[in-house]
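S.K.: Take a look at the following structure, please.
Here, each number is a calculation from the coordinates, and none is a lab measurement. On a predicted model such as this, the values are computed, not experimentally measured, just so you know. Neighbour counts run over all protein chains shown; Cβ positions are idealised from the backbone, glycine included.
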Amino acid sequence: MTTIPGVGPQMARAAEGSDPRGILTFHYLPDDLQALEDSRAVADREVMRPRGFERPATETERALLAHLGYVLPEELVTVVRYRTRGVRNRTWPQLETQEVTP
C-alpha cells in the first residue's frame, strides 16, 4: 500500500462498491491530484461512447488505486462508462478479484 499525503478518506459508498462513480471517490484530494482527475474527466467526456470505452489507466488512477491497497499489473486498463450524462463510472476489471483490506 502506498500512502499519498493529503488524500481524504474514501467515500463510504465507494468503499462498499455501491457508488455509481466507482471506487476512486474520496472526500477530498490534494489540489494537484484533483486538477489531474478533473482534466481526465473532461478528456473522457470528449470521447464518451454509448457503451463506454477502454483506455490505459492514468498515473493518477494508478497512484490512487495503490493508495487504496491494490497491487497493480504493469499494464492496467480503465473501463469508462456513463451511468447518466453526468455520472462517469470507472472500473478496473483486472483488479476485481483482489481483496483489499483498509
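S.K.: Take ASP19 and tell me if it is farther than 18 Å from GLN94 by Cα and either surrounded by 14 or more Cβ atoms within 10 Å (Cβ to Cβ) or touching a residue at least 40 places away in the same chain (Cβ under 8 Å) (or both).
M.R.: Taking the combined requirement at face value, the residue satisfies it.
S.K.: What are the pairs, 6+ residues apart or on separate chains, where a residue within segment 50-76 that is over 19 Å from THR25 (Cβ atoms) has its Cβ under 7 Å from a residue that is of a type in the set (Val, Ile, Thr) and in a loop (DSSP other than H, G, I, E, B)?
M.R.: Listed by first residue and then by second, the contacts come to PHE53/VAL47.
S.K.: Could you pull out every one of the helices (runs of 4 or more DSSP H) wholly within segment 1-75 that has 3 or more residues that are over 21 Å from VAL100 (Cβ atoms)?
M.R.: 31-46
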